[in-house]
Structures are given as C-alpha cells and as structure tokens.
Amino acid sequence: QVQLVESGGGLVQPGGSLRLSCAASGSFFSIDVMGWYRQAPGKLREPVPQITSGGTTYYADSVKGRFTISRENAKNTVYLQMTSLKPNETAVYYCNITFSGMNNWGQGTQITVSS
C-alpha cells in the first residue's frame, strides 16, 4: 500500500503565497511522476504541475511563472510553491504519484484564496 501525506494548505489573501508538500511512503521501488491536481466546487479535477523522476516539469498554462514544483527523490516528497494566488484558485489540491503504471492520490488539502 501507498500512503500520501499532504500538508501546507490553508487560507491566503489574493496575491499571497503558499507551499504544499506531499510525502509518499509504502511499497514501491521508485516513483515515476509526482504532481498536483486541484478541484474547485462544481468543477472537474484538473492537473496543475507534474514532475518526472528525471526532473522534467509540466505546468498548466494558468500557473506558469507563478507555481514551481520540485521533488526530493531520497525523501519521496514533492513540493508545490505557489505565488500570486488568485481567488479562482480556491480548491482542494491533491497530490498524485505514479509508479509501475499505478496512480495514487492523496486525501487533498483545501486552499482558500480570499481577503
């Protein structure tokens, strides 16, 4: 089994910053892709950024230049640094990891961008 523990969510003012982290533990040899998704009320879950084991990153156009994803392979941990947050980015943010073709999700952490 795989466990993903997310942390770092909360309330932030528009234009503010937050940093999320997600630590993976369990039975796996190595993680292929780590990433973050978000789901706002009434909307579909959407990818935000992903990062491969080799460090290649993919960002949704809406967050390019404002969000930065990174990972520490030795700790099986992925981070998401978010800046210039907007009210419409209020959502539950989910950590996701893929290994051996299997997809695994964290429990989600709420981020609310509001003044």
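The values are calculated or read from the model by the stated rules, or taken from the named source; none is laboratory data. Bear in mind that the values here come from a model prediction, so they are computed numbers and not experimental data. Neighbour counts are summed over all protein chains in view; Cβ atoms, including those assigned to glycine, are modelled from backbone coordinates with ideal geometry. All accessible areas refer to the heavy atoms of the entire protein, side chains included, with ligands and DNA or RNA removed. Shrake-Rupley method; radii C 1.70, N 1.55, O 1.52, S 1.80 Å.
Working note: Cα gyration tensor of segment 22-96, eigenvalues times five, square-rooted, sorted largest first, giving semi-axes of 23, 14, 10 Å.
If you take the Cα Rg of segment 36-76 and divide it by 2.2 N^0.38 Å, with N the number of residues, what do you get?
For segment 36-76, the normalised Cα radius of gyration comes out at 1.31.
Under the simplified labelling scheme, the LYS43-SER62 pair shows an inter-label distance of 0.3 nm, with each label point 7 Å from Cα along Cα→Cβ. For the chain, the share of accessible area belonging to carbon and sulfur comes to 49 percent (1.4 Å probe, ligands and nucleic acids excluded).
The relative contact order of the chain, computed from alpha carbon pairs under 8 Å that lie at least 6 residues apart in sequence, is 36 percent. Bridgeable lysines around LYS86 (alpha carbons under 28 Å apart, same-chain partners fewer than 8 residues away excluded): LYS43, LYS64. Annotation: amide H-H contacts under 5 Å for ILE31 (H modelled 1.01 Å from N, sequence separation of 5 or more, or interchain): none.
Building the convex hull from the alpha-carbon atoms of segment 1-42 and averaging its projection over directions returns 4.5 nm². Each residue of segment 86-100 is assigned a 3J(HN,Hα), and the resulting list reads 10, x, 6, 9, 4, 5, 8, 9, 10, 7, 9, 10, 10, 8, 6 Hz, derived from the Karplus form 6.51 cos²θ - 1.76 cosθ + 1.60 (θ = phi - 60°), x at Gly and Pro.
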